Amino acid sequence: MNLARRSIGLLLVSLTFSFGLAHAESRADLDRSARTVLNQLVASNANAKKLNEKAIATLVFPVVTKAGFIVGGQYGDGVLFREGRPTAYYNTAGGSYGLQAGAQQFAYVLFFMKNAALNALDSTQGFEIGVGPSVVLVDQGVATSTTTITAQDDIYAFITDQKGAMAGIGIQGNKITKLGK
């Protein structure tokens, strides 16, 4: 049991350090990283390209760090683009408890298709994915078929650039909060 407590303690110190580094990134660096992730996704995925053309806004989290050993968490900063320009900054954070072990980083992109969904992003003390507007998580296998997306839902989410090893990945239940200016 003492080993498990030490492992959890080390994990929490590691998460704090990792999250601090992610948050310390300058706005200009964050803009560049987010734009690179979005451009790569749009260039490699026909559905992402179509959604990007129709979306009223796109929220890009270029690096989300997720780690856990029984207790886990994830964190990352992101940029909201409207008409190709950065207009606001957000963070995503979540915690979990259960049978889990590992660490990974990934990026995710949210295509906002409706004004109501975009308005919900700033209308509360944090936007929780899975509560409110409908979010469709586009599986990379499904995302290769151009007939699977009709752009009728509120938000489409793509997870990309996965690195590391951790069982399963998802964004449901994570809270997205607008960062101060």
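The values are calculated or read from the model by the stated rules, or taken from the named source; none is laboratory data. Computed from a prediction, not measured in an experiment: that's the story for all the values here. Counting neighbours? That spans all protein chains shown, and the Cβs are built from the backbone with ideal geometry, glycine included. Heavy atoms of the whole protein, side chains included, go into the accessibility calculation; ligands, DNA and RNA do not. Shrake-Rupley method; radii C 1.70, N 1.55, O 1.52, S 1.80 Å.
Results, tabulated for the structure shown:
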quantity: Close pairs (7 angstrom Cβ cut-off, 6 or more residues apart or separate chains): free of Cβ contacts under 8 Å to residues at least 24 places away in the same chain and within 27 Å of G98 (Cβ to Cβ) in the range 52-72, of a type in the set (F, W, Y) and open to solvent by 30 Å² or more (accessible area, probe 1.4 Å) anywhere; calculated: none
quantity: Check on D77, of a type in the set (D, E) and either exposed (fewer than 14 other Cβ atoms within 10 Å of the Cβ) or out of contact with any helix residue (DSSP H, G or I) (no Cβ under 9 Å at 6 or more places or on another chain) (or both); calculated: no
quantity: Qualifying positions in the range 15-28 - part of a helix (DSSP H, G or I) and at pLDDT below 90; calculated: L15, T16, F17, S18, F19, G20, L21, A22, H23, A24
quantity: Residues of the range 80-91 that turn out to be surrounded by fewer than 16 Cβ atoms within 10 Å (Cβ to Cβ) and of a type outside the set (G, A, S), as a count; calculated: 4
quantity: Qualifying residue in the range 29-45 (condition: at pLDDT 80 or above, open to solvent by 50 Å² or more (accessible area, probe 1.4 Å) and of a type in the set (G, A, S)); calculated: yes
quantity: Test: residue in the range 95-105 that is crowded, with 17+ Cβ neighbours inside 10 Å and modelled with pLDDT of 85 or more; calculated: yes
quantity: Selected residue [among the hydroxyl-bearing types (S, T, Y) and closer than 22 Å to A117 by Cβ] from T65, T58; calculated: T58
quantity: Candidate set: the range 121-132, residues that are buried (at least 19 other Cβ atoms within 10 Å of the Cβ) and out of contact with any Leu (no Cβ under 6 Å at 6 or more places or on another chain); chosen: the one modelled with the lowest pLDDT; calculated: I129
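To keep it simple, each residue is scored yes or no on (1) under 23 Å from S44 (Cα atoms); (2) modelled with pLDDT of 70 or more; (3) more than 14 Å from the chain's Cα centre (by Cα).
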{"position": "V71", "(1), (2), (3)": "no, yes, yes"}
{"position": "V79", "(1), (2), (3)": "yes, yes, no"}
{"position": "A107", "(1), (2), (3)": "yes, yes, no"}
{"position": "K114", "(1), (2), (3)": "no, yes, yes"}
{"position": "N119", "(1), (2), (3)": "no, yes, yes"}
{"position": "V136", "(1), (2), (3)": "yes, no, no"}
{"position": "G141", "(1), (2), (3)": "yes, no, yes"}
